[in-house]
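Have a look at the structure below before the remarks.
The values are calculated or read from the model by the stated rules, or taken from the named source; none is laboratory data. Note that this is a predicted model, so its numbers are computed, not measured. Every residue, glycine among them, receives a Cβ derived from its backbone with ideal geometry; neighbour counts consider all protein chains shown. In case anyone asks, the SASA skips ligands and DNA or RNA and just uses the protein heavy atoms, side chains included. Shrake-Rupley method; radii C 1.70, N 1.55, O 1.52, S 1.80 Å.
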Amino acid sequence: MTYALSATKLVTYKQCPQQYNFRYELGISSRSAFGSPDLGNALHQALAIAYRDWHYNNHKPEWDWFESCWGASVAKLSEAQIIDGRNILRRYFNDFVVPLDVMPRPLGVESKISAKVQFENIEFALNGRYDRLDNANGDLELIDYKTTKNTTVPDAVDVQLGLYYLALQQVYQQALKRLTLIFLRSGESL
């Protein structure tokens, strides 16, 4: 029997085994304590569209391309969230796209990654979803967008990085060399 693992599952179990049991064993979920995830989801979707659908024979997109990607992602948002999200995306564009000569094509955008690992005769399926995977000068770089106001690195990043390292090595036969966290609200990059 194969056991499915993800960084979220492992961190949930570490923080509260009872919550893990309710959510993953019994299928009982609760509403997020952090409010609506709609704005964060829309920002992730807009960036996924921007990188996935861009015509890479052009050097780099202008702001109107990113703004059209934003427009395709705002269906569930209030007017205030639309304005806030546009401002956040504009900051991202100015900080991470404008300085480039050419916007490089990512290896993957909003993609699932999975691999199998055997430990003491138990097989685990490692499953995750990444925001963007780049090939930076022959090295794999994982880009993770964070939409929280807090710019401290979440505890889950260590677990997430370890799982992605193993999975990406199996899929690409290459080790992950870099993880970049981009805090969209502040424009910080770690």
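If you check every pair at least six apart or on different chains, which have Cβ atoms under 8 Å apart with a residue in the range 113-138 that is free of Cβ contacts under 8 Å to residues at least 24 places away in the same chain first and a residue that is hydrophobic (A, V, I, L, M, F, W, C) and open to solvent by 20 Å² or more (accessible area, probe 1.4 Å) second?
GLN118/PHE124
What is the one condition in (1) of a type outside the set (S, T, N, Q); (2) under 18 Å from SER111 (Cβ atoms); (3) surrounded by fewer than 16 Cβ atoms within 10 Å (Cβ to Cβ) that ILE182 does not satisfy?
Only one criterion is unmet by ILE182, namely (3).
Identify all residues within the range 45-79 that are aromatic (Phe, Trp, Tyr) and either farther than 20 Å from LYS146 by Cα or in a loop (DSSP other than H, G, I, E, B) (or both); write none if there are none.
Our first condition is that a residue be aromatic (Phe, Trp, Tyr); within the range 45-79, this holds for 51, 54, 56, 63, 65-66, 70.
Residues satisfying the conditions are TRP54, TYR56, TRP63, TRP65.
Do we find a residue being within 26 Å of ASP64 (Cβ to Cβ) and in contact with an Asp or Glu (Cβ under 6 Å, 6 or more places away or on another chain) anywhere in the range 163-179?
Looking for residues that are within 26 Å of ASP64 (Cβ to Cβ) and in contact with an Asp or Glu (Cβ under 6 Å, 6 or more places away or on another chain), one finds none in the range 163-179, hence no.
Name the single residue that is nearest to LEU43 (Cα to Cα) among those in the range 136-145 being open to solvent by less than 20 Å² (accessible area, probe 1.4 Å) and either of a type in the set (A, V, I, L, M) or not in a strand (DSSP E or B) (or both). If you could, list the steps in order and put the result at the bottom.
Start the filter on the range 136-145 by keeping residues that are open to solvent by less than 20 Å² (accessible area, probe 1.4 Å), which leaves 140, 142-145.
Checking the rest, the ones that are also either of a type in the set (A, V, I, L, M) or not in a strand (DSSP E or B) (or both) come to 140, 142-143.
Numbers: LEU140: 23, LEU142: 18, ILE143: 14 Å.
Here the answer is ILE143.
What residue, among those in the range 82-135 that are aromatic (Phe, Trp, Tyr) and over 13 Å from LEU184 (Cβ atoms), is least open to solvent (accessible area, probe 1.4 Å)?
Filtering the range 82-135 for residues aromatic (Phe, Trp, Tyr) gives 92-93, 96, 119, 124, 130.
When the remaining residues are screened for being over 13 Å from LEU184 (Cβ atoms), the result is 119, 124, 130.
Numbers: PHE119: 124, PHE124: 46, TYR130: 13 Å².
The residue in question is TYR130.
For the range 103-113, indicate whether the set of residues that are assigned to a strand (DSSP E or B), basic (Lys, Arg), closer than 19 Å to VAL11 by Cα and at pLDDT 85 or above is non-empty.
Within the range 103-113 (the criterion being assigned to a strand (DSSP E or B), basic (Lys, Arg), closer than 19 Å to VAL11 by Cα and at pLDDT 85 or above), the answer is yes, since at least one residue qualifies.
When residues of the range 166-179 are filtered for being exposed (fewer than 13 other Cβ atoms within 10 Å of the Cβ) and more than 14 Å from LEU133 (Cα to Cα), how many remain?
Qualifying residue count, the range 166-179: 1.
Tally up the residues in the range 146-165 that are at pLDDT 85 or above and either farther than 22 Å from HIS44 by Cβ or buried (at least 19 other Cβ atoms within 10 Å of the Cβ) (or both), please.
The qualifying residues number 1.
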